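A quick write-up on the structure given underneath.
The values are calculated or read from the model by the stated rules, or taken from the named source; none is laboratory data. Owing to the predicted nature of the structure, the values given are computational and were not obtained by experimental measurement. Here the Cβ positions follow ideal geometry from the backbone for every residue, glycine too, while neighbour counts run over all protein chains shown. Ligands, DNA and RNA are stripped out before the accessible areas are found, and what is left, the full protein with its side chains, is counted by its heavy atoms. Shrake-Rupley method; radii C 1.70, N 1.55, O 1.52, S 1.80 Å.
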Amino acid sequence: MEPLSANDITAPAPLPQTPKPKQDHGPPVVESTPMSRRCTTHAEDEVPKRADVVNKFLEDDISDRLEVSLDDFATLILDLPADWQIRDDFTLLPDSEAVKDAFAAYLKVAIGEVDGGDQKRKGMAGHESGLYQPLANLLNSLRDGEGRRVGKDIDEKIFYVQDPRPVLGSLIARKPDLGGIYIELLKLTKNKKLSDHLAKKKIVGVFWGLLLYFIEVKHEQGRFVGLNVNKEGPSSRSQSDTLPSIAYLVSQSTASVPASTPLNSTSTSFGDEHRPGVTIQNQGGKKKTVEILTSQDYQERAEAERKAEKVLTPTQGQHLTRIQCASYAKEMLSKGFIRSHAVGITADDTSLRFQYYDRSKVVESKPFNIVNDEVKKLFMAMVCQLNKLSTENLGFIPNLDLDGFDHLRNPKQLKLPHKNGIDPLVGSTYAFTGSDGRRRRVKITKVLYRAEGIIGRCSIVVEVECLCTEAGCDWHEEGQATTKVMKISFPSMTRPSEDGLIGEARSKAESSGDLWALNHLPEVIDSITYPYHEETTVQGRLKKHLKDDYEERVMRVTFSDKLQPLSDLEDPREFAQVFYDILQIHQWLYERVGILHRDLSSGNIMYRRKNGKVYGVLNDFDLSSRVRDMDKGPTSKQRTGTRPFMSLDLLNPVWVGGHLYRHDLESLFYIMLCLACRYEAPGVASPDPRPYSEWFSGTDAQILNSKSNFFLNALGEDLPVQTYFSGFEQGLSDIFEEIRSGYTLRPRIHSKKSGKGSEVRNRNTSRDANYEWTTLDMHVSYAMMRSMMSSFEGKPLETRWVGNPDH
């Protein structure tokens with residue numbers, strides 16, 4: 001992929017004006033924030049590592065999935081040639097001996113089909129695990145060249161049985177039934193079955209980065225992929241019933257596997273049991289709990305889960321299967337090596353479907369049955385094509401050299417300590433051509449942040465050192481490489497680039513004489529944007545085919561100087577100064593440059609220290625917008641923000657007023673509140689139950705309800721500020737009262753459904769016609785926040801700039 005040209009720095013925007021209401025007496029209506037159930041990010045470190053919590057976010061990711069025909073999936077996703085039926089390398093006919101034998105063996109256990117095809121009896125598989133090895137053998141037989149099995153080509157791949165062992169690299173035990181990896185990783189011979197090899201050698205080093213694709217297997221006669229859906233199975237519940245917690249069902253089927261209390265949620269909760277564990281210390285001193293289970297424990301749980309599935313209706317089973325498959329894709333995208341998309345297959349006896357996951361869309365093929373001869377031929381060609389796809393076409397980003405090996409293929413990978421809590425990206429190198437034309441190679445030394453999820457920009461932030469040996473490289477000082485920060489993300493094509501917005505702000509600071517602002521802005525060293533080619537990439541083909549139904553994204557690699565996180569601070573007064581600095585630079589950006597940040601979170605507030613002083617730095621402009629453009633339509637199909645710190649309005653589907661500057665100020669309050677109440681000291685969590693935990697684990701609706709109750713019910717109650725942060729208590733209480741008053745006293749709004757959509761109406765139009773919506777009648781404004789944040793424990797903090805007193 002060729003990089004785009006550098007973004008031009010445009011002229012600063014004029015002073016932004018308060019959006020004007022577009023209907024009588026109601027809130028302003030703008031189009032910058034689409035009414036979507038999805039949000040861009042959640043706070044990863046704060047979300048409990050429980051499957052039921054993660055599944056809430058997967059629900060959103062799969063909610064807008066698209067189903068296409070098997071032919072379209074083959075050509076769009078797998079790039080299968082249109083003329084595959086007459087190509088020599090796809091002549092895998094059912095009478096090919098290797099393929100015929102493999103199909104017969106699989107069908108024998110799936111539906112009891114015996115040689116000759118005329119006689120059928122009950123399937124030989126007692127449960128789905130009996131299908132694993134026959135299916136792996138079948139898939140491995142589908143190779144170009146008359147069904148040859150294992151070859152010597154280093155690019156050859158193999159399907160293997162993963163269940164019941166979990167794939168390493170995440171704290172939730174996820175175990176796809178089958179996986180696909182490079183043959184070279186295991187050095188197999190023709191006489192060894194992979195499952196025997198794994199057991200004999202006790203190889204447990206398969207981590208998410210090694211998985212090329214996954215296969216989920218069911219033994220439900222096609223019910224769990226959407227075929228034969230009229231067969232309800234043993235359950236008497238209707239298909240519209242709420243899907244119960246799998247942990248609850250497991251607890252009913254076996255007393256030996258402990259389970260949590262069922263949740264009143266439609267999301268499934270595989271793996272959310274309260275399990276024995278051990279606490280380990282990860283990079284950066286963070287502690288995490290890792291599950292400790294024996295092989296027998298895994299076997300018992302797998303059997304209990306299979307029994308639990310038997311009581312589900314087809315509709316519930318399909319939903320469960322989609323969540324399971326999405327969870328594997330999420331781990332591949334979030335816990336493995338850096339990749340843009342993932343592919344999987346669901347097999348339910350003779351019924352199957354393909355799945356595809358990228359940063360914009362989840363795409364499924366229509367379910368199909370391999371007993372049909374014509375469908376069988378296409379299926380064989382698709383698996384053959386899947387086996388031939390390059391690493392890059394399987395989603396792994398180009399130019400990433402993993403641990404000094406050629407991508408994923410070296411067997412020594414399995415001997416590396418890729419355990420829970422250790423990121424396999426450390427030690428990898430990334431090569432690129434910068435905007436100055438210089439070719440550089442950097443080594444990843446530390447992973448700072450990896451976004452969870454499937455849909456969205458899903459940033460990966462790492463520390464790197466330049467390995468360039470050329471003279472005059474400005475990434476070195478006195479012959480030593482300096483630490484830089486590299487961010488790889490997948491933003492919307494239509495969203496303004498981060499480096500462009502930051503460059504615009506820094507240019508304004510220099511030209512206007514506001515040099516103080518440079519201390520509070522990040523400095524981008526280089527940024528390269530890689531678009532997806534229309535013909536040669538799956539994302540490009542999907543955009544061409546789906547048009548407006550597919551959000552076009554790019555891969556953007558940005559390099560900047562290293563900043564320090566909030567957790568490195570030790571003096572509460574320095575915390576207060578950093579937060580006050582963030583307020584000031586936020587106002588300056590809004591008033592002087594016309595940029596609204598739109599994603600204030602604890603991870604985006606950094607600092608730099610100069611001459612012994614701290615300067616708060618507002619970081620991460622990926623979701624920022626020019627104020628002048630915010631009335632022109634959305635730049636993404638996702639609502640912006642980080643869930644725990646999002647304002648009440650942006651969590652509420654009724655709100656159509658767009659993203660206002662006061663929403664960021666409300667976010668700043670939540671950041672300070674959570675720091676002061678959820679930590680006994682920097683980086684030291686307060687004892688459970690920690691305050692406001694639901695903000696970090698709930699859905700939009702649950703967080704909205706929790707925050708609404710917080711402002712309604714906390715009246716007169718002291719905020720649970722920890723002793724270390726007691727200096728924040730008075731200021732937080734005062735800001736709380738202002739926000740509470742603003743929301744309590746503003747006119748109530750409701751949505752009125754009409755044939756053309758929803759209209760927002762004010763219930764008290766005559767009495768509240770002059771209400772100022774942008775600042776909640778000045779209850780949530782820069783002026784209010786300044787008055788309460790400009791001092792700490794009675795002593796003034798350093799004021800860098802005085803903005804518009806009317807804002």
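Values for this structure:
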item	result
Count of segment 61-71 residues which are open to solvent by 20 Å² or more (accessible area, probe 1.4 Å), under 26 Å from the mean Cα position of the chain (by Cα) and either at pLDDT 95 or above or of a type in the set (Lys, Arg) (or both)	3
Answer residue from segment 515-566, given it is in a helix (DSSP H, G or I) and open to solvent by 70 Å² or more (accessible area, probe 1.4 Å) and is nearest to PHE432 (Cα to Cα) among those	LYS544
Yes/no for ALA82 being more than 30 Å from THR494 (Cα to Cα), buried (at least 18 other Cβ atoms within 10 Å of the Cβ), aliphatic (A, V, I, L, M) and at pLDDT 65 or above	no
Every residue from segment 282-321 that is at pLDDT 75 or above and either among the small types (Gly, Ala, Ser) or under 27 Å from TYR449 (Cα atoms) (or both)	ALA304, ALA308, GLY317
Filtered residues of segment 707-749 (kept if assigned to a helix (DSSP H, G or I), open to solvent by 30 Å² or more (accessible area, probe 1.4 Å) and farther than 24 Å from SER697 by Cβ)	THR723, TYR724, SER726, GLU729, GLN730, SER733, ASP734, GLU737, GLU738, THR744, LEU745
Among (1) free of Cβ contacts under 8 Å to residues at least 12 places away in the same chain; (2) under 24 Å from LEU623 (Cα atoms) - the single one ILE671 does not satisfy	(1)
Count of residues meeting criterion [without any contact (Cβ under 8 Å) to a residue 40 or more places away in the chain and open to solvent by 10 Å² or more (accessible area, probe 1.4 Å)] in segment 157-181	2
Residue in segment 335-350 that is in contact with a strand residue (DSSP E or B) (Cβ under 6 Å, 6 or more places away or on another chain), charged (D, E, K, R) and surrounded by 24 or more Cβ atoms within 10 Å (Cβ to Cβ) present	yes
First in segment 294-315 and within 13 Å of LYS175 (Cβ to Cβ), second anywhere and at pLDDT 75 or above and in a helix (DSSP H, G or I), Cβ under 8 Å, 6 or more apart	ALA302/SER129; ARG306/SER129
Residue satisfying condition, being buried (at least 21 other Cβ atoms within 10 Å of the Cβ) and free of Cβ contacts under 8 Å to residues at least 40 places away in the same chain, within set VAL462, VAL442	VAL462
Unique residue being in contact with a Cys (Cβ under 7 Å, 6 or more places away or on another chain) and either at pLDDT 90 or above or of a type in the set (S, T, N, Q) (or both) when the list is ARG457, ARG441, ARG506	ARG441
Filter result for GLN413 (under 15 Å from LEU212 (Cα atoms), at pLDDT below 90 and assigned to a helix (DSSP H, G or I))	yes
Residue list for segment 348-396, restricted to those being in contact with a Gly (Cβ under 7 Å, 6 or more places away or on another chain) and under 21 Å from TYR530 (Cα atoms)	ARG359
Residue that is at pLDDT below 95 and touching a Lys or Arg at 6+ places or on another chain (Cβ under 7 Å), where the choices are ASP581, ASP622	ASP622
Residues (at pLDDT below 95, charged (D, E, K, R) and over 23 Å from GLY594 (Cα atoms)) located in segment 767-806	ARG767, ASP768
Failed criterion for SER693 (all others in (1) modelled with pLDDT of 95 or more; (2) under 22 Å from the mean Cα position of the chain (by Cα) hold)	(1)
Selected residue (only one of PRO644, PRO634 is surrounded by fewer than 24 Cβ atoms within 10 Å (Cβ to Cβ) and either closer than 24 Å to LEU776 by Cα or at pLDDT below 95 (or both))	PRO634
Selection from segment 100-127 of residues that are of a type outside the set (Ser, Thr, Tyr), open to solvent by less than 30 Å² (accessible area, probe 1.4 Å) and at pLDDT 80 or above	ALA102, PHE103, LEU107, VAL109, ALA110
Single match in GLU470, GLU504, GLU510 (criterion: part of a loop (DSSP other than H, G, I, E, B) and farther than 27 Å from LEU333 by Cβ)	GLU470
Among (1) hydroxyl-bearing (Ser, Thr, Tyr); (2) open to solvent by 10 Å² or more (accessible area, probe 1.4 Å); (3) out of contact with any helix residue (DSSP H, G or I) (no Cβ under 8 Å at 6 or more places or on another chain); (4) more than 30 Å from THR799 (Cβ to Cβ) - the single one SER507 does not satisfy	(4)
Given (1) modelled with pLDDT under 65; (2) exposed (fewer than 15 other Cβ atoms within 10 Å of the Cβ), index of the condition GLU97 fails	(1)
